[in-house]
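Below: the structure, in structure tokens.
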Amino acid sequence: MPGMVDTHIHASQYSYAGTALDLPLLQWLDTYTFPVESHFQDLEFAHKVYSQVVKRTLRNGTTTACYFATIHTDASLLLGQIANELGQRALVGKVCMDINTAVKDYKETVQESQDETCRFVGELLKKKYPRVKPVVTPRFAVSCSGALLGKLGEVAKNNNLHIQSHISETTEEVALVKQMFPDSESYTDVYRKHNLLTDKTVMAHGCHLSDDELILFRETGASLSHCPNSNLSLCSGMLDVRKVLSYNVKLGLGTDVAGGYSSSMLDALRRTLDTSKALTIQDPGYHTLTFEEVFRLATLGGSQALSLDAQTGNFEVGKDFDALRVNVAVQDGPIDLIHIEKPMVILEKFLNLGDDRNIVEVYVAGRKVVPFTESAE
């Protein structure tokens, strides 16, 4: 099957994945996230965490990942190096933030952030990694001044770069952005005004977007990353995927580690179905997503959301061979096959019941990257 595409994951939060899910978003960031991320100036610590998260996501079948790192340029470059060495296709972002952090030293000035983003982009591109690219990464409008957002929009535009951030994850956040940017018509308009809403932009969450904002997404070609585990774990909200798709907005799935507790795209796929069914419980007339639709979102939908669908996402002739070899009957695996089943039944069983034990080989651009070589181990 095609490799899976994680359109939103915080590599720097992997060390505490599976814990610390007792607070809403803004308090969660101050209590857990910012203190942990501030440690990534230590390159030894960064190497340990980043090596583990890239290996884990590859074992889980993530052939393409769109990563948030931290504000630390050298550690962010290290994440790109590790992804390249282990063979994962990746977009890597050095995080930018200049306001509203409870950790005193975990922020930059506007000039520092602009300069370091340019250094990060320049040095990463100079490496000429075949499948690892930089992505301009304002954390979100709450932690970035208008001046910083404007400078990052210029950097992205001048270098034709990908952009990633967060949007409308919680109602508290939406209200705060409205206070901070009173001259903007909406949260989406804040990004649009600063040249951060383009056809190479992916915004995580979008649980509380208005119809007008979805139209802006469609008109600019920007995409959404649906992160259902995180949306449920932090009680942020439930994205109506069916509605987003009805506006012809590009949409992929994300694990959003560590707001989402699992780094597996199989989990993202399952939680997407769960969220769709929860919306159906609320409204029996709702048209629940099918597993086939969600499978598409985890593969081709993700590559479209990251504007990488010319290279990956399915097995069209001319694309790179990003693939998983799945054995649903692997010894001591999680799936028991009682009957000889048709391929679509086997696929559904794997998506609902399978895990990394079933993913026996992973290929990126035709290269076998899992099982790892001895040097990678």
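Select from the range 292-330 the residues that are closer than 24 Å to Asn358 by Cα, in a loop (DSSP other than H, G, I, E, B) and in contact with a helix residue (DSSP H, G or I) (Cβ under 6 Å, 6 or more places away or on another chain) and list them in ascending order.
Hits for the range 292-330 are Thr312, Gly313, Asn314, Val328.
Is there any pair with a first residue in the range 349-366 that is touching a residue at least 24 places away in the same chain (Cβ under 8 Å) and a second that is among the acidic types (Asp, Glu) whose Cβ atoms are under 8 Å apart and which are 6 or more apart or on different chains, and what are they?
Qualifying pairs under 8 Å: Arg357/Asp332; Tyr363/Asp322; Val364/Asp320; Val364/Asp322; Ala365/Asp320; Ala365/Asp322; Gly366/Asp320.
Based on this model, can you work out whether Ile340 counts as open to solvent by 60 Å² or more (accessible area, probe 1.4 Å), out of contact with any Pro (no Cβ under 6 Å at 6 or more places or on another chain), within 24 Å of Leu251 (Cβ to Cβ) and not acidic (Asp, Glu)?
In short, no.
If I filter the range 137-181 down to residues being among the hydrophobic types (A, V, I, L, M, F, W, C) and touching a residue at least 60 places away in the same chain (Cβ under 8 Å), which single residue comes out as surrounded by the most Cβ atoms within 10 Å (Cβ to Cβ)?
Restricting attention to the range 137-181, the residues satisfying the condition of being among the hydrophobic types (A, V, I, L, M, F, W, C) are 140-142, 144, 147-149, 152, 155-156, 161, 163, 167, 174-177, 180-181.
When the remaining residues are screened for being touching a residue at least 60 places away in the same chain (Cβ under 8 Å), the result is 142, 176.
On the way: Val142: 21, Leu176: 16.
For the range 137-181, the residue satisfying everything is Val142.
For the subset of the range 146-171 comprising residues that are assigned to a helix (DSSP H, G or I) and in contact with a Phe, Trp or Tyr (Cβ under 8 Å, 6 or more places away or on another chain), which member is nearest to Cys66 (Cα to Cα)?
Going residue by residue through the range 146-171, those that are assigned to a helix (DSSP H, G or I) are 146-159, 171.
Checking which are in contact with a Phe, Trp or Tyr (Cβ under 8 Å, 6 or more places away or on another chain) leaves us with 146, 149.
Numbers: Gly146: 24, Leu149: 20 Å.
Checking each candidate, the answer is Leu149.
Would you call Lys133 open to solvent by 70 Å² or more (accessible area, probe 1.4 Å) and out of contact with any Asp or Glu (no Cβ under 6 Å at 6 or more places or on another chain)?
Spelling it out, Lys133 is indeed open to solvent by 70 Å² or more (accessible area, probe 1.4 Å) and out of contact with any Asp or Glu (no Cβ under 6 Å at 6 or more places or on another chain).
Exactly one condition in (1) assigned to a strand (DSSP E or B); (2) open to solvent by less than 10 Å² (accessible area, probe 1.4 Å) is false for Ser230; which is it?
It fails just one condition, (1).
Name the residue, out of Thr312, Thr288, Thr299, Thr275, that is exposed (fewer than 15 other Cβ atoms within 10 Å of the Cβ), closer than 25 Å to Thr7 by Cα and of a type in the set (S, T, N, Q).
None of the others qualify; the one that does is Thr288.
Out of (1) open to solvent by less than 30 Å² (accessible area, probe 1.4 Å); (2) in a helix (DSSP H, G or I); (3) farther than 18 Å from Asp356 by Cα, what's the single condition that is false for Leu269?
(3)
If I go through the range 50-83 residue by residue, how many of them are open to solvent by less than 10 Å² (accessible area, probe 1.4 Å) and either part of a helix (DSSP H, G or I) or modelled with pLDDT under 95 (or both)?
Total meeting the criteria: 12.
Condition test on Thr280, is it open to solvent by 20 Å² or more (accessible area, probe 1.4 Å), farther than 18 Å from Tyr67 by Cα, part of a loop (DSSP other than H, G, I, E, B) and of a type in the set (Ser, Thr, Tyr)? Let's see the steps before the verdict.
Working: open to solvent by 20 Å² or more (accessible area, probe 1.4 Å): yes; farther than 18 Å from Tyr67 by Cα: yes; part of a loop (DSSP other than H, G, I, E, B): no; of a type in the set (Ser, Thr, Tyr): yes.
No, not satisfied.
From the list Glu341, Glu316, which residue is closer than 30 Å to Val132 by Cα and acidic (Asp, Glu)?
Glu316
Determine which member of the set Ile346, Ile335 is β-branched (Val, Ile, Thr), open to solvent by less than 20 Å² (accessible area, probe 1.4 Å), over 14 Å from Gly3 (Cβ atoms) and without any contact (Cβ under 8 Å) to a residue 40 or more places away in the chain.
Just a single option satisfies the conditions, and that option is Ile335.
The values are calculated or read from the model by the stated rules, or taken from the named source; none is laboratory data. Predicted model only: the values in this text are computed from it and were never measured. Every residue, glycine as well, gets a Cβ built from its backbone with ideal geometry; the counts of neighbours run over all protein chains shown. Accessible surface areas use protein heavy atoms only, side chains included; no ligands, DNA or RNA. Shrake-Rupley method; radii C 1.70, N 1.55, O 1.52, S 1.80 Å.
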